Amino acid sequence: SGRTRRVSTGTADLELAKLELAKLVLTEPPDDPLDPKQVPLVSIKAFYMENHGNHIRSKAGAERAFKLVTQYLKTVMPDQTPRAGDFSLARQESFMRWCNEKHALSCKTISTYLSSIKAAYRFAARPRIIRDARGREREVRIISEAPFIEDSEERITKVT
């Protein structure tokens with residue numbers, strides 16, 4: 001990406017920092033940096049909204065969908081940054097029940113929100129030509145593959 005990225009060792013003690021740095025350097029990198037389990041959900045949202053948000057029927061609905069999914073994932077895993085791969089089928093079904101019970105959302109509304117998430121995942125998985133901040137056109141893909149999203153209203157009705 002042409003950017004310098006730094007990771008903090010999380011300590012002010014020099015000797016401990018040296019040990020943490022050695023651990024960071026010696027660990028194996030992930031097989032695929034575009035693996036959905038590595039990519040933050042907020043990156044998917046930002047990419048989708050910046051590059052496709054003006055072309056969708058309900059931008060506010062897509063924003064609300066991401067807000068709800070992020071809220072839900074933060075309740076399930078409060079100490080972690082929600083990643084695209086964290087929204088597994090089991091979590092999707094739990095999310096459906098959570099939306100129905102906590103927010104009193106209808107099955108149709110939940111289906112619409114899940115369709116927005118599904119569209120964003122698919123958009124992020126397909127290579128795109130975008131214009132970067134410097135005005136250059138580049139080919140970009142955020143995730144290697146779009147995780148499965150169950151957005152069938154019939155299935156949501158059965159789950160909830």
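Take the conditions (1) open to solvent by less than 70 Å² (accessible area, probe 1.4 Å); (2) of a type outside the set (Gly, Ala, Ser); (3) in a helix (DSSP H, G or I); ASP32 misses just one of them, which is (3).
I'd like the residue in the stretch 70-85 that is among the hydroxyl-bearing types (Ser, Thr, Tyr) and open to solvent by 20 Å² or more (accessible area, probe 1.4 Å) and, out of all such residues, is nearest to ARG122 (Cα to Cα). Steps first, please.
Step one: list which residues in the stretch 70-85 are among the hydroxyl-bearing types (Ser, Thr, Tyr), which gives 70, 72, 75, 81.
Within this subset, residues satisfying the condition of being open to solvent by 20 Å² or more (accessible area, probe 1.4 Å) are 70, 75, 81.
Values: THR70: 18, THR75: 25, THR81: 21 Å.
Per the stated criteria, the residue is THR70.
In the stretch 114-129, the qualifying residues are those that are in contact (Cβ under 8 Å) with a residue 60 or more places away in the chain and among the aliphatic types (A, V, I, L, M), and the one that is surrounded by the fewest Cβ atoms within 10 Å (Cβ to Cβ) is ALA119. Cβ separations smaller than 6 Å between residues 6+ apart or across chains give the following pairs from the stretch 131-144 residues that are under 25 Å from PRO36 (Cβ atoms) and open to solvent by 100 Å² or more (accessible area, probe 1.4 Å) to residues that are part of a strand (DSSP E or B) and among the aliphatic types (A, V, I, L, M): GLU139/ILE129. For the stretch 86-108, the candidate set comprises residues that are assigned to a loop (DSSP other than H, G, I, E, B) and closer than 23 Å to ILE142 by Cα; within that set, the residue that is least open to solvent (accessible area, probe 1.4 Å) is PHE87.
Note on the stretch 1-27: among residues that are surrounded by 11 or more Cβ atoms within 10 Å (Cβ to Cβ) and outside any helix (DSSP H, G or I), the one that is modelled with the lowest pLDDT is THR9. Residues that are modelled with pLDDT under 90 and over 20 Å from the mean Cα position of the chain (by Cα): does the stretch 57-64 have at least one? Yes. Collect the residues in the stretch 109-160 that are hydrophobic (A, V, I, L, M, F, W, C) and not in a helix (DSSP H, G or I), keeping them in residue-number order. Scanning the stretch 109-160 gives ILE129, ILE130, ALA133, VAL140, ILE142, ILE143, ALA146, PHE148, ILE149.
The values are calculated or read from the model by the stated rules, or taken from the named source; none is laboratory data. None of these values were measured; they are calculated from a predicted model. Cβ: placed from backbone, ideal geometry, glycine included. Neighbour counts: every protein chain shown. Keep in mind that these areas ignore ligands, DNA and RNA; they rest on the heavy atoms of the full protein, side chains included. Shrake-Rupley method; radii C 1.70, N 1.55, O 1.52, S 1.80 Å.
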